[in-house]
Amino acid sequence: MELIDQSSTKVKDALNQTALSDFSGQSRVWIYMSKSELNPEISSEINELASQFSSNWLSHGSRVRGFAKLLFNRFLIFSADAKSVSPSGCSIDASVHFTKDIEKRYQLDFFDRMQLARMDSGGKIRVSELRELPPLMDAGKVSGESLIFDNTVSSVDELLNSWLKPLRSSWVAKVV
């Protein structure tokens, strides 16, 4: 339980240091994850580009109060504040195109949904393919108490309160 509390606090602290803490809890969220941890220089470059993107994000010509940031050198997170202009299909597509441009520019893969990130007992983020989980569970390296990043969360409230959760409480438990 202590690891869950410490890890959740670390994640919440990182999220609370962003503009997301000022967004409506119902604001939509999109999360893209890199299998590999990015080095600080590339992370900084991506964050600068993400900041420029979110500053210029439009929906039908109106500015979206947006958020785009790379967290933990791995997770590219977008949000559109529900108190502002709602993103349209075209503006959501723009964020996907932005992410694909980042992938191409830095030779990354943010769209492999068969990858799962978890936090190990030392607080380090580890990524595995979903198919690797049963053998890891058999070896005792992963359990129902292992903390996973649930990149299917879709609102700021969910991101702040249940992005990091025990595997047993996630959709992953149904697949492994």
Checklist entry - When the residues of the range 123-175 are filtered to those that are free of Cβ contacts under 8 Å to residues at least 60 places away in the same chain and in a strand (DSSP E or B), which remaining residue is surrounded by the most Cβ atoms within 10 Å (Cβ to Cβ)? => result Ile148
Item to check | the range 16-31, residues that are touching a Ser or Thr at 6+ places or on another chain (Cβ under 7 Å) and under 16 Å from Ser162 (Cα atoms) | outcome: Leu20, Gly25, Gln26, Ser27, Arg28, Val29, Trp30
Checklist outcome for this item: Scanning the range 83-98 residue by residue, the ones that are under 21 Å from Asp157 (Cβ atoms), in contact (Cβ under 8 Å) with a residue 24 or more places away in the chain and not hydrophobic (A, V, I, L, M, F, W, C) total 4
Checklist entry - Do you know which of the residues in the range 49-82 that are of a type in the set (Lys, Arg) and in contact (Cβ under 8 Å) with a residue 24 or more places away in the chain is nearest to Glu158 (Cα to Cα)? => result Lys69
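Rule-based calculations on the coordinates, nothing more; no lab input. For clarity, every value in this text was computed on a predicted model and none was experimentally measured. Here Cβ is always computed from backbone atoms with ideal geometry, including for glycine, and neighbour counts include all displayed protein chains.
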